């Protein structure tokens, strides 16, 4: 009994401490678990800076993102953008002085319709025309080129496991040789296409993807070396011709001293802008320009900006362009034409047609083609007036007219293609 009393006394003395400990334990709040906040990749912001030619700013943002120890897939994207920004910064500093005199926006499938080069410069063909002309088993890709003699063709095809490569073939007698890849340019580039060979038979311009490309397709130039029977290592031609978007085609008409560039910069899907410029053998770059002005010139923000202190040259170039566009499809009389029939056969007279219905449609094609060329000339004149306008009122009056003519021109081009295909179908069915 005495022992039990002693235990009860001890418990009574300890109870306050137990109660205090219990209260302390109850009063201690549990630590809150902070939610994990995922960092969103800034790819869109980086791309926006690159597309605005703000390459240094893009590099700074990329470096900041790299410092966050990004996941492997995002790190790979950042590395690629880093290379792109570095390439852009280097190109921007070396932007070439180029005077642009005209531009027109068309559907990508119609770009060849807007390029008017002298016959001595060769001929540009669609993938389908190349396939028909050469009798290819596998389809061609993009556009192709045939020289002025009609005995050498360059085009591109998809090679299984090796991307899209430029191919060449020559005409021997009445048969084309088996197409072979161009030697010397296929080692570092991929997705090669859209070739144009200068009249010298040596200088080749084409579009391609490359790890060092500024974006999408870039325009490259190479030259044929007779000693090695191979093309030299291609060079990226830089700005303003290349951009973070796609550049598809570079064409020179040495007879009329005009050049064409096809690009999808600042264009919606499936649209391209065909620029016309004045070629200059002496490559001259800009010096001491404010950054914003240099970026605008590199991006071809406005063709008028490129024409500073070159009014006489621009006027002469527009006259040559007008002549080239008229002469490209010039018809001396109602009977003389230049019409490509299937498999590379060209008719030079309406009397060449054997199918009466095909001949009737060909006459309709001739008439529409003339109207199309007249509209091209009229549009070029209005654009020139717009560029030379001294007041906003003049430009405001011309703007809707130019827009309407551009839309009509595009619609006419589609109709001409459909009509030409109808003529070919009728004529080849007869044969």
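Return yes when residue 106 is at pLDDT 90 or above and in contact with a strand residue (DSSP E or B) (Cβ under 8 Å, 6 or more places away or on another chain) and no when it is not.
no
Would it be correct to say that residue 429 is under 30 Å from residue 351 (Cβ atoms) and loosely packed, with under 15 Cβ neighbours inside 10 Å?
yes
Farther than 30 Å from residue 318 by Cα and without any contact (Cβ under 8 Å) to a residue 60 or more places away in the chain: does that describe residue 352? Explain how you work it out, then say what you get.
Working: farther than 30 Å from residue 318 by Cα: yes; without any contact (Cβ under 8 Å) to a residue 60 or more places away in the chain: yes.
Taking the combined requirement at face value, the residue satisfies it.
Which of the residues spanning the stretch 364-397 are in contact with a strand residue (DSSP E or B) (Cβ under 9 Å, 6 or more places away or on another chain) and either more than 21 Å from residue 321 (Cβ to Cβ) or without any contact (Cβ under 8 Å) to a residue 24 or more places away in the chain (or both)?
Within the stretch 364-397, 365, 366 meet the criteria.
If you go through the stretch 250-298 one residue at a time, how many are part of a loop (DSSP other than H, G, I, E, B) and at negative phi?
Of the residues in the stretch 250-298, 18 are part of a loop (DSSP other than H, G, I, E, B) and at negative phi.
Residue 104 fails exactly one of the following numbered conditions: (1) crowded, with 18+ Cβ neighbours inside 10 Å; (2) within 17 Å of residue 340 (Cβ to Cβ); (3) in contact with a helix residue (DSSP H, G or I) (Cβ under 7 Å, 6 or more places away or on another chain). What is the number of that condition?
Looking at each condition in turn, residue 104 falls short on (2).
Could you check how many residues of the stretch 199-220 are at pLDDT 90 or above and buried (at least 17 other Cβ atoms within 10 Å of the Cβ)?
Adding up the residues that qualify gives 10.
Which number in (1) farther than 24 Å from residue 317 by Cβ; (2) out of contact with any strand residue (DSSP E or B) (no Cβ under 7 Å at 6 or more places or on another chain) marks the one condition that residue 223 misses?
(2)
Can you find even one residue in the stretch 121-141 that is assigned to a loop (DSSP other than H, G, I, E, B) and touching a residue at least 60 places away in the same chain (Cβ under 8 Å)?
Scanning the stretch 121-141, I find at least one residue that is assigned to a loop (DSSP other than H, G, I, E, B) and touching a residue at least 60 places away in the same chain (Cβ under 8 Å), so the answer is yes.
Table: residues versus (1) within 23 Å of residue 119 (Cβ to Cβ); (2) modelled with pLDDT under 95; (3) surrounded by fewer than 19 Cβ atoms within 10 Å (Cβ to Cβ).
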| site | (1), (2), (3) |
| --- | --- |
| 250 | yes, no, no |
| 270 | no, yes, yes |
| 290 | no, yes, yes |
| 299 | no, no, no |
| 306 | no, no, no |
| 338 | yes, yes, yes |
| 344 | yes, yes, yes |
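Looking at the stretch 110-132, is at least one residue outside the structural domain of residue 292 (by TED's automatic domain parsing), within 28 Å of residue 307 (Cβ to Cβ) and touching a helix residue (DSSP H, G or I) at 6+ places or on another chain (Cβ under 8 Å)? Give the derivation first.
Quick first cut of the stretch 110-132, residues outside the structural domain of residue 292 (by TED's automatic domain parsing) only: none.
No - not one qualifying residue is present in the stretch 110-132.
The values are calculated or read from the model by the stated rules, or taken from the named source; none is laboratory data. Predicted model, so just to flag it, every value in this text is computed and none were measured. Virtual Cβ from ideal backbone geometry, glycine too; neighbours counted across all protein chains shown.
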